[in-house]
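J.: After the structure tokens below, expect a handful of questions from me.
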Amino acid sequence: MQDETHFETGHSGRFPLPDRVHGRCATSGAAASLPAERVAVLIRLVLLLALWAPATALAQACTSDPEVCNQILSAKQDNDAGAPKDALDHLRKAQDTAGIDTQWVVYLLGQKATAYSQSGNSEQSLAAIASALEFRPNDVWLLLQSCRLHAASSFLAKAQRDCARVRTLMRRTKDKDLQAVQMAHLVHAEAQLALIMRYPDLALEKLESLDGSGIPPRFIDDLRASALSMLGDHAAAKQALDRVLALATDEPEASRAALYQRRGFEQIALGTVDAGLVDLETAVATAREVDDTVPDRDSALAQYLYGLCAVHLQREAAEAALEWCGALSETETGQTSHVFLDAYGLAQMRNGLYEAAAETFAKALDLVPRSTQSYRHLQQSVRLAQDSGLPLVLDDYVDDRVRLLQPN
């Protein structure tokens, strides 16, 4: 009997296998939104662009207590280095220091928003930006950051509101050079928003207008690759990612790992599977280099391992699937996701490890008792074990809670 190899996303929907690799994979959320892992990529892009963007605020002379300014400048350095916890420590010290004026309060809140974003805390990040806007409601750069963060967090109406406000304010800008810089950033933010709303043609149209605008090509091509992939032009998406990776050599390992995984799936979609697998393995190797203190380090590594695990299961490469699904099961995230455990169980079952597979499927059902897929796989592993002469009994692996939640 051939086992079923489609994958559930589970309650959280955080780690679906990309649609182009397995057409039956579901994604969570509204139809108009991107899968969670694609949104995570956009959030990383928002952060990288925020760190690159002209830091006009922090370029000005200190108008507060020097200790306040030094702490905020140190926080920016930590944010630039991908150390949000250290940045937040500096910002707390700055807040506890007397003699901070309104302008530097705004700078502090802007850095706090960046630090919280890097920590994966979108709610606190948006709250910090909202607080900054209370002090300076017509600040174009704050509104742009708010637009990007709202878009990446799927608060699309608020993102549209923020970007529309920027367009209105720009009409009052008398400095044409400044207006051109602001317009480039606005168009890029609108392209990001269009992509999240699943309008890849509109996103590409906006991105084409940015060539030569001063926005670094790395940030343009990153969004361009996502839009082209959404349109099914995997060759052009792969070429765009080639350019991004060539320009991303100095970026943090977490960002480069995500880029390698994206290019790997584009190559697999093109039929160049071996090259795609090399990229997926490079994504894993790069993710393993990420410091343990980096937020979501383990969950990101698990996502990359799951990609390799699922591709090898799809290719019916049993030994390779067992290797990568096994590595996935050794991560903390792999032990707490029934989707990942189910994939590991499939790899064990395909290698004839029926008893071990049954135990793994039982663990998956302990996490999500209503998973009909894990239950079917458990039944299958027990039947295969019995056919091979092993005395496995289904009742030894499930309890009444699981049985009551399964369809008759």
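The values are calculated or read from the model by the stated rules, or taken from the named source; none is laboratory data. Since this is a predicted model, take the numbers as computed values, not measurements. In this analysis, Cβ positions are derived from the backbone assuming ideal geometry, glycine residues included, and neighbour counts consider all displayed protein chains. The accessibility values were calculated without ligands, DNA or RNA, using every heavy atom of the protein model including side chains. Shrake-Rupley method; radii C 1.70, N 1.55, O 1.52, S 1.80 Å.
J.: Compute, for F135, the solvent-accessible surface of its heavy atoms (probe 1.4 Å) with the complete set of protein chains present, and express it in square angstrom to the nearest 10.
T.: Looks like 100 Å² after rounding.
J.: Ok, one more. Mean Kyte-Doolittle of at least 0.0 and a Cα length of 27 Å or more along the axis: which whole DSSP H helices of the chain meet both?
T.: Helices meeting the criterion: 176-196.
J.: How do R243, R171, R263 rank by accessible surface area computed with a 1.4 Å probe, from largest to smallest?
T.: R171, R243, R263
J.: Mind counting lysine pairs for me in the chain? Cα separation below 19 Å, and the two need to be 8 or more apart along the chain or on different chains.
T.: Going through the chain pair by pair, I get 6.
J.: Shifting gears a bit: Hey, any idea what % of the chain's accessible area is carbon plus sulfur with a 1.4 Å probe?
T.: 49
J.: At 1.4 Å probe size, with no ligands or nucleic acids counted, give the accessible surface of K158 in Å², nearest ten.
T.: 100
J.: Evaluate the charge dipole of segment 216-289 about its Cα centre and quote only its size in Debye, nearest 20, assuming +1 on the Cβ of each Lys and Arg and -1 on the Cβ of each Asp and Glu.
T.: Computed about the Cα centre, the dipole is about 160 debye.
J.: Can you work out the accessible area per residue across the chain, with the rest of the protein chains kept in place, probe 1.4 Å, in square angstrom?
T.: Spelled out: the 1.4 Å probe surface of the chain, per residue, equals 45 Å².
J.: While we're looking at this one, here's another question. Find out how many positive minus negative residues lie around G334, taking Lys and Arg as positive, Asp and Glu as negative, among other residues whose Cβ is under 12 Å from that of G334.
T.: My count for the surroundings of G334 gives -3.
J.: How much solvent-accessible surface does D292 expose, in Å² to the nearest 10, with a 1.4 Å probe and all protein chains in place?
T.: Roughly 120 Å² of D292 is accessible to a 1.4 Å probe.
J.: Also, quick follow-up: What's the local net charge at Q124, with K and R +1, D and E -1, over the other residues with C-beta under 14 Å away?
T.: Net local charge, Q124 excluded: +2.
J.: Could you order R370, R350, R218 so the one with the most accessible surface comes first? Probe is 1.4 Å.
T.: R370, R350, R218
J.: As a test of the definition: which semi-axes, in Å, follow for the chain when you take the square root of five times each eigenvalue of its alpha carbon gyration tensor? Largest first, please.
T.: 44, 23, 18
J.: Right, something else. Sort segment 306-408 into rounded, prolate or oblate with this rule: let a ≥ b ≥ c be the square roots of the eigenvalues of the Cα gyration tensor; rounded if a/c is under 1.5, and if a/c is not under 1.5, prolate when a/b is larger than b/c, oblate otherwise.
T.: Judged from the Cα gyration tensor, segment 306-408 comes out oblate (a/c at least 1.5, b/c at or above a/b).
J.: Taking the Cα centre of the chain as origin, sum charge times position over the Cβ atoms of Lys and Arg (+1) and Asp and Glu (-1), and report the length of that vector in debye to the nearest 20.
T.: 1620
J.: What order do R148, R161 take when sorted by accessible area (1.4 Å probe), most exposed first?
T.: R161, R148
J.: Taking amide H atoms as placed 1.01 Å from N in the peptide plane, list the residues 5 or more away in sequence, or in a different chain, whose amide H sits under 5 Å from that of L392.
T.: Amide H neighbours of L392: Q386.
J.: Between beta-carbons, use under 15 Å as the cut-off and find the net charge around K158, counting Lys and Arg +1, Asp and Glu -1.
T.: 0
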